[in-house]
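Engineer: Following this message is one structure expressed as structure tokens.
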There are 2 protein chains.
Amino acid sequence: MTSTALSRAERLSLVSITGACVAILANAFQGDDKPLIVSLALSGLAFCASFALIRWLGPTFIKAGFKGVDMAKHSRKELPECMGAVCAAVYLFAIIVFIPFAFYKDVVAATSGGGNRDVVLQVEHVQQGRFLHRFPHSKLSSYLSAIVSLQTIASLGLADDLFDIRWRHKFFIPAFAAIPLLVVYRVDFGVTSIVVPIQLQPYFGPLFDLGALYYVYMACVAIFSPNSINIMAGINGIEVSQSLVIALLLAANDALYLLTPYPHPATDSHLFSLSFLLPFIAVSLALLYHNWYPSRVFVGDTYCYFAGMVFVVVSILGHFSKTLVLLLLPQIFNFVYSVPQLFGLVPCPRHRLPRFNARTGLLEPSVTPWTPERQPRWRVVGWGLRLLSRLRLLRVAVDGEGRLVETSNFTILNLWLVWRGPLREDRLALEITAAQAVLGLFGLFVRHRLALLVFKEDNWSLL
Amino acid sequence: MTSTALSRAERLSLVSITGACVAILANAFQGDDKPLIVSLALSGLAFCASFALIRWLGPTFIKAGFKGVDMAKHSRKELPECMGAVCAAVYLFAIIVFIPFAFYKDVVAATSGGGNRDVVLQVEHVQQGRFLHRFPHSKLSSYLSAIVSLQTIASLGLADDLFDIRWRHKFFIPAFAAIPLLVVYRVDFGVTSIVVPIQLQPYFGPLFDLGALYYVYMACVAIFSPNSINIMAGINGIEVSQSLVIALLLAANDALYLLTPYPHPATDSHLFSLSFLLPFIAVSLALLYHNWYPSRVFVGDTYCYFAGMVFVVVSILGHFSKTLVLLLLPQIFNFVYSVPQLFGLVPCPRHRLPRFNARTGLLEPSVTPWTPERQPRWRVVGWGLRLLSRLRLLRVAVDGEGRLVETSNFTILNLWLVWRGPLREDRLALEITAAQAVLGLFGLFVRHRLALLVFKEDNWSLL
């Protein structure tokens, strides 16, 4: 049986991390608190809390019906499912507690009357924000709208885990969750212009206002990011490890802006983004520890949606949603590659996760079987499948008369196994994660170096 | 079997309400939209949506394990539980969609740069707010923090319904949910002064700053209100009907301020409060229709917490938390009356709801049995029980030797049955609701008329 007790070493580590973080926080109450330090300390606490809660709450979750069987293991015992909900709850708590550290008005306006705003104070805060001090107070409603969106996605993810919402319905769950974000973006911010590439500037001018289309674009990013994390799933640890890589790369990108020696106009946005990413990285690490091969817990759709929405929130409020798209390249590939099955051109079984070979203990590509009677409806689909097979993008088995017998399922995990041969589950997760990291680093390089070819200057340097 | 289909009449009514509300909303997009009209239309839609969803989702909820048996009926069939979660979800959706109508910047600032605020615009909005136009933009973060608090209580309520959290833990659930509200109140508003009664003004001055104590006070209100709704439960419809009475009285109190012929400083706060109360009244009516005797669905702790938190949110952000306390008088009585059982002076069974007499079909006071061996531990408790019995505040049965045989349970519902004799379930709910309404109206009268004795002037008149 899986024990729910923390080991001695775990307990010691958690207690010492907690102690250190509490000390930092206590210090931050006095004097000149930098939000980044506070955010780090809160993230440490969030890590400890989610680590312990994930361990302790396992039996409670199983009793409440959140449980599943690991299909790629010899023992088929029940594991707690939907543990991402614990992470989401701890994360949200940390983010809410962070508000006074980030936005606290140090000079209380002399008047005690109804919420008068001292405008001079605000401007002063804007300046401080650039120097890694507190955020400008005007960002509070953006921050709150982010929390509302994240709470919404967590609730909807939980509803999905509870009620097993149908695929075609749940695809739009993130769109609902993005509504608070977009509504507040509209009311409070409303910037819908994009920088035009140099080559097109003679026609459109330096800035082009997309208007309502910009909201459509943001809604698309908001729908895509959580769903793309959710469909790149099926083996131990992969949901969390890919999310961690993306979060770390986004954080690294933010750090680039903070390390510039001069105050940069975008510093503020990136500080803001970091304060959402650090606690996310913390709770994800705690989850990964329990979800990595061999899993003790499952993450649930809640985690996948939540992770995707964290990326949406930071990239929209930080105004770097195009950078996010670069970091989601493997997910985009996985989605495009899945299209034949998602849209029914090729039959789509209930589960497409790689097949566990109980004899070797390795994972092999799972397949969709074709019978002689049930061949592709349109001939072009058959041609397409054979073309993909030629390009080594699919494993296709045909019988003596050229009829399809089976094709590997259209997911990046199966494709990787087609390329690399049978792999153990953790090896597969590690390789996919490494590929994600390499591609993401390349994406960031493209974004900061090659962008100079189409834009006047990278916004990393001083505008 | 309970059918999940809407009847013809229901369908017709819902469709016509929906049509009318959509027409109002479409109209509101053009021209000079008043938030109150929009809020009414959105409430109409929220009523229709929650009415239909409560009906349709019954089997889904039962399948997911949200089910219970009505203990006060002859047939003991399973009914869907936790339907308040549907109301909470629809409510939150309506409240989020309302944001652009309430806060929309009609004049987009000329600069497209990062969120610059045109201060002149803000002040103009403040003026409009007083004349039932849009809210001042500076209220956006208060509004959002209210949403965050309400989402938190909905999630925690759901967690309680899922995991059956122990009583001494769940008592503090509302405190967690109030954190966002209090944090943003501190950061964004920070008024902690109260008006001092005339008699004390020579000593304290006209305003007295409670400082941190004011937050403690708000936290107490936030903990008390949801819990007090939650413990005044147990018979069909009572949770929803008492919440509806409180909401309607709060709305009536708000309306008093809006009907003044001149712009009043508190108009804004009360308009704000109404925009949270109207959709709540709407979803509660839809729920009451299904939860009234004989219940087709149960509301769950989610609804009770959520309702209590709606009252907390409007009264704290509207600065009339003392008025809320007046309206909660029956709940306060019920809580104080329950104290002997809640704190273990008198044994507390798992359920204290009135006992169903299957022969008569009526409800009777439920009792706690005492055996000759198990008498009150302290003699003072025995005396207290006999005193309560003398005051007709408890039904006590003693044997020939003066030992306690049984005492009625300490809830207002049982006490009412002690006073009035056995009643049918709906009759009891109706009488308690009526008592709540009468007491509440009296409370409002006290607040607006008698307050003049201790304060210089009622804030209903021009300050």
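The values are calculated or read from the model by the stated rules, or taken from the named source; none is laboratory data. Treat the numbers as computed from the prediction; the structure is a model and nothing was measured. Here the Cβ positions follow ideal geometry from the backbone for every residue, glycine too, while neighbour counts run over all protein chains shown. The protein model used for the area step is the full one, side chains on, heavy atoms only, and it has no ligands, DNA or RNA in it. Shrake-Rupley method; radii C 1.70, N 1.55, O 1.52, S 1.80 Å.
Engineer: Which of the residues that make up the range B:368-393 are in contact with a strand residue (DSSP E or B) (Cβ under 8 Å, 6 or more places away or on another chain) and closer than 22 Å to B:ILE229 by Cα?
Structural biologist: Within the range B:368-393, none qualify.
Engineer: Regarding B:ALA9, is this residue out of contact with any helix residue (DSSP H, G or I) (no Cβ under 8 Å at 6 or more places or on another chain) and under 25 Å from B:PHE103 (Cβ atoms)?
Structural biologist: no
Engineer: For the range A:343-368, name all the residues that are on the phi < 0 side of the Ramachandran plot, modelled with pLDDT under 90 and surrounded by fewer than 16 Cβ atoms within 10 Å (Cβ to Cβ).
Structural biologist: Listed by number, the residues that qualify are A:PHE343, A:PRO347, A:PRO349, A:ARG350, A:HIS351.
Engineer: Among (1) in contact (Cβ under 8 Å) with a residue 24 or more places away in the chain; (2) within 8 Å of chain B (Cβ to nearest Cβ); (3) aromatic (Phe, Trp, Tyr), there is one condition A:PHE163 misses while meeting the rest; what is its number?
Structural biologist: It fails just one condition, (1).
Engineer: Another question, then. Considering (1) over 24 Å from the mean Cα position of the chain (by Cα); (2) of a type outside the set (A, V, I, L, M, F, W, C); (3) modelled with pLDDT of 90 or more, say which one A:GLN436 fails and leave the rest.
Structural biologist: Every condition holds for A:GLN436 apart from (1).
Engineer: I would also like to ask the following. Of the conditions (1) open to solvent by 70 Å² or more (accessible area, probe 1.4 Å); (2) touching a residue at least 24 places away in the same chain (Cβ under 8 Å); (3) within 22 Å of A:PHE335 (Cα to Cα); (4) touching a strand residue (DSSP E or B) at 6+ places or on another chain (Cβ under 6 Å), A:ARG424 fails just one. Which one is it?
Structural biologist: It is condition (3) that A:ARG424 fails.
Engineer: Select from the range A:28-45 the residues that are at pLDDT below 75 and of a type in the set (Gly, Ala, Ser) and list them in ascending order.
Structural biologist: The answer is A:GLY31, and nothing else.
Engineer: Right, something else. Inspect all residues belonging to the range B:404-413 and state whether any of them is touching a residue at least 60 places away in the same chain (Cβ under 8 Å) and in a helix (DSSP H, G or I).
Structural biologist: Yes: one or more hits.
Engineer: Given A:ALA159, A:ALA178, which one is closer than 17 Å to A:GLY84 by Cα, open to solvent by less than 30 Å² (accessible area, probe 1.4 Å) and not β-branched (Val, Ile, Thr)?
Structural biologist: A:ALA159
Engineer: Related question: Failed condition for A:GLN201, given (1) outside any loop (DSSP other than H, G, I, E, B); (2) surrounded by 18 or more Cβ atoms within 10 Å (Cβ to Cβ), with all others met?
Structural biologist: (2)
Engineer: Sticking with this one: Hey, can you tell me all the residues within the range A:369-411 that are closer than 23 Å to A:ASN334 by Cα, open to solvent by 100 Å² or more (accessible area, probe 1.4 Å) and not hydrophobic (A, V, I, L, M, F, W, C)?
Structural biologist: Those that are closer than 23 Å to A:ASN334 by Cα, open to solvent by 100 Å² or more (accessible area, probe 1.4 Å) and not hydrophobic (A, V, I, L, M, F, W, C): A:ARG390, A:ARG392, A:ARG395.
Engineer: Quick check, is B:SER13 open to solvent by 50 Å² or more (accessible area, probe 1.4 Å), part of a helix (DSSP H, G or I) and hydroxyl-bearing (Ser, Thr, Tyr)?
Structural biologist: yes
Engineer: Name every residue in the range B:134-187 that is among the polar types (S, T, N, Q) and either over 18 Å from A:GLN151 (Cα atoms) or out of contact with any helix residue (DSSP H, G or I) (no Cβ under 9 Å at 6 or more places or on another chain) (or both), in order of residue number.
Structural biologist: Matches in the range B:134-187: B:SER138 only.
Engineer: What are the residues in the range A:29-66 that are loosely packed, with under 15 Cβ neighbours inside 10 Å, within 14 Å of another protein chain (Cβ to nearest Cβ) and under 30 Å from A:ILE99 (Cβ atoms), if any?
Structural biologist: Selection gives A:PHE29, A:TRP56.
Engineer: Check off (1) over 28 Å from B:ALA159 (Cβ atoms); (2) part of a helix (DSSP H, G or I); (3) open to solvent by less than 50 Å² (accessible area, probe 1.4 Å); (4) at the interface with chain B (Cβ under 8 Å from one of its Cβ atoms) for A:ARG186 and give me the number that stays unchecked.
Structural biologist: (3)
Engineer: How about the range A:274-299: which of its residues are buried (at least 24 other Cβ atoms within 10 Å of the Cβ) and of a type in the set (S, T, N, Q)?
Structural biologist: If the condition is that a residue be buried (at least 24 other Cβ atoms within 10 Å of the Cβ) and of a type in the set (S, T, N, Q), then A:SER275, A:SER284, A:ASN291 are the ones that fit.
Engineer: Find all pairs meeting these conditions: Cβ atoms under 6 angstrom apart; at least six residues apart or on different chains; first residue within the range B:171-192 and over 12 Å from B:SER142 (Cβ atoms) and among the β-branched types (Val, Ile, Thr); second residue open to solvent by 30 Å² or more (accessible area, probe 1.4 Å) and in a helix (DSSP H, G or I).
Structural biologist: If the second residue must be open to solvent by 30 Å² or more (accessible area, probe 1.4 Å) and in a helix (DSSP H, G or I), the pairs left are B:ILE173/B:LEU156.
Engineer: Let me ask you something else. Does A:THR302 satisfy the condition of being in contact with a Gly (Cβ under 9 Å, 6 or more places away or on another chain), within 14 Å of chain B (Cβ to nearest Cβ) and surrounded by fewer than 23 Cβ atoms within 10 Å (Cβ to Cβ)?
Structural biologist: no
Engineer: Could I ask something else about it? Are any residues in the range B:170-183 within 12 Å of chain A (Cβ to nearest Cβ) and either of a type in the set (Gly, Ala, Ser) or not in a helix (DSSP H, G or I) (or both), and if so, which ones?
Structural biologist: Result: B:ALA177, B:ALA178.
Engineer: So which of B:VAL339, B:VAL325, B:VAL418, B:VAL346 is in contact (Cβ under 8 Å) with a residue 12 or more places away in the chain, in a loop (DSSP other than H, G, I, E, B) and among the aliphatic types (A, V, I, L, M)?
Structural biologist: Step by step, each of B:VAL339, B:VAL325, B:VAL418, B:VAL346 is checked, and only B:VAL346 is in contact (Cβ under 8 Å) with a residue 12 or more places away in the chain, in a loop (DSSP other than H, G, I, E, B) and among the aliphatic types (A, V, I, L, M).
Engineer: Hey, among A:PHE333, A:PHE298, which residue is touching a residue at least 24 places away in the same chain (Cβ under 8 Å) and in contact with an Asp or Glu (Cβ under 7 Å, 6 or more places away or on another chain)?
Structural biologist: A:PHE298
Engineer: Taking the range A:393-428, which residues are closer than 24 Å to A:VAL339 by Cα and of a type in the set (Lys, Arg)?
Structural biologist: Scanning the range A:393-428 gives A:ARG395, A:ARG403, A:ARG420.
Engineer: Using the structure shown, decide if A:VAL69 is surrounded by fewer than 19 Cβ atoms within 10 Å (Cβ to Cβ), touching a Leu at 6+ places or on another chain (Cβ under 8 Å), more than 12 Å from chain B (Cβ to nearest Cβ) and without any contact (Cβ under 8 Å) to a residue 40 or more places away in the chain.
Structural biologist: Yes, satisfied.
Engineer: Also, quick follow-up: Check whether at least one residue in the range A:194-208 is at pLDDT 85 or above, at negative phi and touching a helix residue (DSSP H, G or I) at 6+ places or on another chain (Cβ under 7 Å), and report yes or no.
Structural biologist: Within the range A:194-208, not a single residue is at pLDDT 85 or above, at negative phi and touching a helix residue (DSSP H, G or I) at 6+ places or on another chain (Cβ under 7 Å).
Engineer: Here's something else I'd like to know. Based on what the data block shows, is A:ALA233 part of a loop (DSSP other than H, G, I, E, B) and open to solvent by 10 Å² or more (accessible area, probe 1.4 Å)?
Structural biologist: Against the criterion (part of a loop (DSSP other than H, G, I, E, B) and open to solvent by 10 Å² or more (accessible area, probe 1.4 Å)), A:ALA233 qualifies.
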